[in-house]
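Structure, as structure tokens:
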Amino acid sequence: MSTTMYAVLGIVMMVLVMAVLISGKTDPIIPMITIPIVFALIMGAAPAEIKDWTLNGLKDQLANITMFVFAIIFFGVMQDTGVFDVIVGKLLKGAKSVPAVCILTVVAAMVGHCDGSGATTFLIVIPPFLLLYKKMNMRPLVLMSLVSLTAGAMNCVPWGGPTGRMAGSFGLNATDIFATMLPAFAVEIVCCFLFALYMAKVETKRGAGVSEHVSIETMTQTGLTEEQKALRRPRLFWVNCLLIAAAMVLMFTTGIPPYICFMAGSAIALTINYPGSKMQAERLKTYAPACLTMASVLMACGVFVGILSYSPMQESMTVLMTELLSAENATKHLNGILAYIWPVLDQLGLDHYACCYTIVPMVQRICADVVTPMQAAVSYLIGWLPLVFVHPTTGAMYVGLGLCGVEFKEHWKFTLKWGLLIGWIATTVSILLGIIRF
């Protein structure tokens, strides 16, 4: 099979998976497992090759799967003990209006993403804010969108993956890339705040907010069953807060992987709050459905990404892009035009790693007379970053979707247009400031 045919199969597979996911007519694990395997068979791959590709993809997701399973248990215990009810009560007293809650969401996502990790951002921000959104009759979809776009913009930090990969590809300093992108970064963050205010207006029209006739205490206690009340541990509130803080500090300030922090945290939380094997088993059975659902989605994502990345498809797609962007087709405006197109190509299946290590450097070489390596790097990152967590191959996104109880198709349809708009606005400002050569 030719390189072009491999590339075409890869593109068709990505578009087909995306289309089925957006349709919402089946569970995400079905298209992400069956479609890649079918395309692998179409390529003529032997069973041993398919096994190797899928195993490599699953290995790449192992840390995320482990972290998510134990994060569900950890935060589930914190939820049952009533820690988040108290926190939400404090937040409601300080942010009684819908606009204040939306703004606070963006601020929390910025702080949570200071380490550059999307999964930990969702795990830190969503559990307490989800309860707050529900108490105020706000849609979880809005929470997921605000956190995703803000975390995407924050992903430009020097220690973040995308900036580091681009720096390594061009031999640049990651801090210099961030400094160059700083005006665009500021624009994207301002856009996130403006989007938060706009969504607050929309949610208010839908009836969101705190009723003047209902006290904060009543709101945080409404709907609790006798069983849920029996699980509350008010006397252990500060102990549990200390446990949460310890887990966060260890993740941010040490080299201990997040999944180990949540594994240890889950064991300690269960032991302290619900001693005895019987009660612990009951709690674990309660968390099992959520753990199984999200673990299966991440494993399916591993199969999808594994076959796409480790088969000849990804490399062939890179070669095809290189041929399409050959020197004879290049113009002095190529880099500026691509700055607007990169996020669209990404949604159509163009691989981020291929862009960082092959395609974007190739574009810079084609336009070397008018485009520097720094300009090529930031022209890709500025428009692409807001949509990092609006893509089916981003494992961390499924952590957020699972916590919010939002389907991918809803998130994609709702957030994509805003992510594109934010990226294009930042790109335009960067062109006007001369950061990107058009």
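General remarks:
- Among residues of segment 420-438 that are within 15 Å of VAL190 (Cα to Cα), those with a beta-carbon under 8 Å from a residue that is aromatic (Phe, Trp, Tyr) and buried (at least 17 other Cβ atoms within 10 Å of the Cβ) at least six positions away or on a different chain give the pairs ILE422/PHE195; GLY423/TRP384; TRP424/TYR340; ALA426/PHE185; THR427/TYR340.
- Complete set of residues in segment 332-380 that are under 25 Å from MET13 (Cα atoms), buried (at least 22 other Cβ atoms within 10 Å of the Cβ) and in contact with a Pro (Cβ under 8 Å, 6 or more places away or on another chain): PRO343, CYS356
- The one condition in (1) surrounded by 15 or more Cβ atoms within 10 Å (Cβ to Cβ); (2) of a type in the set (A, V, I, L, M, F, W, C); (3) over 22 Å from the mean Cα position of the chain (by Cα); (4) at pLDDT 80 or above that VAL210 fails to fulfil: (4)
- Selected residue [in contact (Cβ under 8 Å) with a residue 60 or more places away in the chain and surrounded by 23 or more Cβ atoms within 10 Å (Cβ to Cβ)] from VAL390, VAL406: VAL390
- Given (1) at pLDDT below 85; (2) under 27 Å from PRO373 (Cβ atoms), number of the condition PRO183 does not satisfy: (1)
- Spans of helices (runs of 4 or more DSSP H) in segment 287-375 with at least 1 residues at pLDDT 80 or above and closer than 21 Å to PRO386 by Cβ: 334-347, 360-366
- Residue within segment 51-62 that is under 21 Å from LEU387 (Cβ atoms) and modelled with pLDDT under 90 present: yes
- Verdict on TRP384 being among the aromatic types (Phe, Trp, Tyr), at pLDDT 90 or above and more than 17 Å from ALA109 (Cβ to Cβ): yes
- Residue match in segment 103-116 (condition: within 23 Å of LEU284 (Cβ to Cβ), modelled with pLDDT of 85 or more and of a type outside the set (D, E, K, R)): no
- Candidate set: segment 34-67, residues that are of a type in the set (D, E, K, R) and within 25 Å of the chain's Cα centre (by Cα); chosen: the one surrounded by the most Cβ atoms within 10 Å (Cβ to Cβ): ASP60
- Taking the criterion of being touching a Gly at 6+ places or on another chain (Cβ under 9 Å) and either farther than 18 Å from SER296 by Cα or of a type in the set (Gly, Ala, Ser) (or both), the residues of segment 25-62 that qualify are PHE39, ASP52, GLY57.
The values are calculated or read from the model by the stated rules, or taken from the named source; none is laboratory data. Only a predicted model underlies this, so the values are computations on that prediction, with no experimental measurement involved. Cβ sites come from the backbone with ideal geometry, for glycine too, and all protein chains shown count toward neighbours.
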